[in-house]
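The values are calculated or read from the model by the stated rules, or taken from the named source; none is laboratory data. Values in this document were obtained by computation on a predicted structure and should not be read as measured data. Every residue, glycine as well, gets a Cβ built from its backbone with ideal geometry; the counts of neighbours run over all protein chains shown. Areas reflect the complete protein model, heavy atoms only, side chains present, ligands, DNA and RNA absent. Shrake-Rupley method; radii C 1.70, N 1.55, O 1.52, S 1.80 Å.
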Amino acid sequence: MQLFYNPDITDDTKQFSFPKDESKHILKVLRKGVGDVLHITNGKGGLFTAEITIPNLNKCIATITSKSLQAKRDYTVHLAVAPTKMNDRYEWFLEKATEIGIDSVSPIFCDHSERKVIKLERLERILQSAMKQSLSCYLPKLNAALSFKDFLKQDFKGDLFIAHCEDTDRKSLKQELKPNRDITILIGPEGDFSTNEIEQALQKGFIPVTLGETRLRTETAAIVACHSVAFINEL
């Protein structure tokens, strides 16, 4: 099954059209025609089956024939991850984390961050592509990029963790995780969180954790954390 994404589809939608680029892909690459079936999600859990009615290369029109709601996990995963020095590494993290299962991502700029500018539009496209590839009907929310200080001003719910490399009292993330709990995990930049940032997080209620014996890259640490949550909830 190939999944398409259209955020404007609702339960009341009867017919809709694809943009020009997707219309060409459907008709030229996939070689679909009148009566062929397509599967579309709105990124909010809805899965819609539709049949092509007007195979126009500029605006392919389809009529919805059925709809369903994909089951949602009974826990949420929020990863706050500092942008990596190389853009492709952060994009890789977003792609793989979406495949594994996350609900929201917050880029955070830290004291040791080397990158202070990111393109949210491109990151949003990465999330959409990964959602479709993994056949998920839930698009992770990409939050606005914030400084670490401003990020901590929010109200958080669930279990809170900060993964860092300082030689202080830290617990093992895999031992602290509990199933069916909302989780927020902070992952720092290549130079790690500063001592001051760690202290701020602890005052906010975040538990300091380690992800293993070896030092991990930012994007690797984020994937390890994400997979650890998914694994504990499969038991």
Residues (under 14 Å from A225 (Cα atoms), open to solvent by 10 Å² or more (accessible area, probe 1.4 Å) and not charged (D, E, K, R)) located in the stretch 71-97: T76, H78
Can you pull out the residues in the stretch 171-189 that are part of a loop (DSSP other than H, G, I, E, B) and crowded, with 17+ Cβ neighbours inside 10 Å? L177, G188, P189
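Do you know which of the residues in the stretch 175-214 that are free of Cβ contacts under 8 Å to residues at least 24 places away in the same chain and of a type in the set (S, T, N, Q) is nearest to L160 (Cα to Cα)? If you could, list the steps in order and put the result at the bottom.
First, pick out the residues of the stretch 175-214 that are free of Cβ contacts under 8 Å to residues at least 24 places away in the same chain: 175, 199, 203, 212-214.
From the residues that got through so far, the ones that are of a type in the set (S, T, N, Q) too are 175, 203, 214.
Working: Q175: 14, Q203: 11, T214: 22 Å.
Filtering first and then ranking leaves Q203.
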Name the residue that is most open to solvent (accessible area, probe 1.4 Å), counting only residues in the stretch 98-134 that are of a type in the set (V, I, T) and over 21 Å from N6 (Cα atoms). V117
Restricting attention to the stretch 55-70, and to residues there that are surrounded by 15 or more Cβ atoms within 10 Å (Cβ to Cβ) and among the β-branched types (V, I, T), which single residue is farthest from V105 (Cα to Cα)? I61
Go through E199, E234 for me and flag whichever is farther than 17 Å from S172 by Cβ and assigned to a helix (DSSP H, G or I). E199
How many residues are open to solvent by less than 20 Å² (accessible area, probe 1.4 Å) and under 21 Å from the mean Cα position of the chain (by Cα) when one looks only at the stretch 19-54? 6
So the check is Cβ under 8 Å with 6+ separation or different chains; which pairs have a first residue in the stretch 79-95 that's closer than 11 Å to V105 by Cβ and basic (K, R) and a second one that's modelled with pLDDT under 95 and not in a strand (DSSP E or B)? none
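Does F156 satisfy the criteria of being buried (at least 21 other Cβ atoms within 10 Å of the Cβ), under 20 Å from V209 (Cα atoms) and of a type in the set (F, W, Y)?
On the way: buried (at least 21 other Cβ atoms within 10 Å of the Cβ): no; under 20 Å from V209 (Cα atoms): yes; of a type in the set (F, W, Y): yes.
Judged against the criteria, F156 is not a match.
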Out of A225, A201, A221, A230, report the one residue that is more than 22 Å from the chain's Cα centre (by Cα), open to solvent by less than 30 Å² (accessible area, probe 1.4 Å) and small (G, A, S). A201
